[in-house]
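FYI, it's all coordinate maths here, none of it is from the lab. Because the structure is predicted, anything quoted here is derived from the model rather than measured. Neighbour counts run over all protein chains shown; Cβ positions are idealised from the backbone, glycine included.
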Amino acid sequence: MTSSPRLTPEQVKHFREEGYLIFDQPVLSQDKFNSLIRLFEHLLDAHEKEGKRPEAMDKPHFIHPELFEWILDDAVLGLVESLYGPDFHFFVSHFICKPGVDGRRVPWHEDSAYWKGILEPMEALTIWLAIDESTEENGCMKLVPRSHLTGRKGFSDYEGVDTETSVFPTEIETQQQRSDRAVPITLKPNQCSIHDARMIHGSEPNISGKRRCGYTMRFVPGHVRLQPEWESQLRLYPARGTDKAGNNLADPTRAYPELTEANRTGKKVH
């Protein structure tokens, strides 16, 4: 694939210092974005017909490798290369779709806390691509600036929350959240935000009547290793450049239904 960093030095500096960036330009060509929406609507319809919550469309690339048409698009990879250089891998994705009447809140969390002991070193970023408009009214993501640099640096203490109203079962303990400093990440469709995996973030419930969906794509630098005992649940995929850590990279052209099943049951090989 073509090397094509997309971010300016000023944008890279903002990401390094603040831990996040709002990319307020179209990420994909309009035709390509429209085709992603069509695929998403098809997947969402099938997902809901199985009686599943729309927020739970986690790791769809395991059984729908056609998603790599967008995950590995040069326009997406150019954003990552600006921050990680020429060598990096794709990790996981998630359509996080909050319906407009009873969309669940996303508890305050760090992505890194869920990957502790899985990625070494803990270096990852999330591209949050807006499928729908994302506003404060419909429960946009909120981030605590610079939280990747201070405190526990991605490994706060967590406590349980009500799973009937929350997307995740745990949340950062109140005294460690610093949610009073959070900034809203408002996006138009086909814009994105990028945030460091160690950032504290969350979002309010959506009762606006207007759906809010984003497609998260997570990437890691080429020197990060996925711990082998987790390969039965998670995999890294080649994106650009070379692997520097001896990873057993997955094939983006094939489906891995066994990984979906392993995530459902929580079983992994030790």
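Residue by residue through the stretch 172-184, which ³J(HN,Hα) values in whole Hz follow from phi under the Karplus form 6.51 cos²θ - 1.76 cosθ + 1.60 (θ = phi - 60°), with glycine and proline marked x?
Whole-Hz 3J(HN,Hα) from phi for the stretch 172-184: 4, 4, 3, 5, 9, 6, 6, 5, 5, 9, 5, 10, x.
About its Cα centre, how strong a charge dipole does the stretch 116-182 have in debye, to the nearest 20, once Lys and Arg get +1 and Asp and Glu get -1 at the Cβ?
The calculation lands at about 480 debye.
Go through HIS42, THR265, ILE131 and say which Cα lies farthest out towards the positive end of the charge dipole of the chain; charges sit on Cβ, +1 for Lys and Arg, -1 for Asp and Glu.
Most positive-ward Cα: THR265.
For GLN25 and ARG225, compute 0.36 nm times the residue count separating them, minus their Cα-Cα distance, and round to one decimal in nm.
Taking GLN25 through ARG225 to full extension adds about 68.8 nm, to one decimal.
Per residue and in cubic angstrom, what volume does the convex hull of the Cα atoms of the stretch 135-203 have?
103
Return the long-range amide H neighbours of HIS148 (sequence gap of 5 or more, or a different chain), with a cut-off of under 5 Å between placed amide H atoms.
Those lying under 5 Å, H to H, from HIS148 are ILE200.
For a quick check of your reading of the filter: which GluC sites (Glu not before Pro) in the stretch 34-80 sit in a DSSP loop and have no more than 11 other Cβ atoms within 10 Å?
GLU50
Could you check the simple spin-label distance between SER232 and GLU136, using points 7 Å along Cα→Cβ, in nm with one decimal?
4.8
Output the relative contact order of the chain, whole-number percent, from Cα pairs under 8 angstrom with separation of 6+ residues.
The normalised contact order for the chain reaches 30 percent.
How much length is gained on full extension from ARG38 to ILE63, taking 0.36 nm per residue of separation minus their Cα-Cα distance?
Difference between extended and current length: 7.3 nm.
Tell me the mean residue ellipticity at 222 nm calculated for the chain from its helices only (DSSP H runs of n ≥ 4, each -39500 (n - 2.57), averaged over every residue, nearest 500).
Dividing the helical sum by the residues of the chain leaves -6500 deg cm²/dmol.
Return the FRET efficiency for the residue pair LYS116, SER4: r is the Cβ-Cβ distance, R0 is 35 Å, and the value is rounded to the nearest 0.05.
Calculated value: 0.60.
For the chain, with only Lys/Arg (+1) and Asp/Glu (-1) charged at the beta-carbon, what is the dipole magnitude about the Cα centre, in debye rounded to 20?
240
From largest to smallest, what semi-axes in whole angstrom does the chain give when each is the square root of 5 times an eigenvalue of its alpha carbon gyration tensor?
Semi-axes, largest first: 24, 22, 21 Å.
Using a Cα distance threshold of under 17 Å, what count of lysine pairs results for the chain when pairs must be 8 or more residues apart or interchain?
Counting lysine pairs in the chain gives 14.
May I ask you to list the GluC sites (Glu not before Pro) in the stretch 135-191 that are in a DSSP loop and have at most 16 other Cβ atoms within 10 Å of their Cβ?
The qualifying sites are GLU136, GLU137, GLU164, GLU173.
I'd like the FRET efficiency for ASP74 and ASP157, computed as 1/(1 + (r/R0)^6) with the beta carbon distance as r and R0 of 45 Å, rounded to 0.05.
0.65
Taking 0.36 nm per intervening residue step and subtracting the Cα-Cα distance, what contour gain separates VAL183 from LYS244 on full extension?
Computed gain between VAL183 and LYS244 is 18.4 nm.
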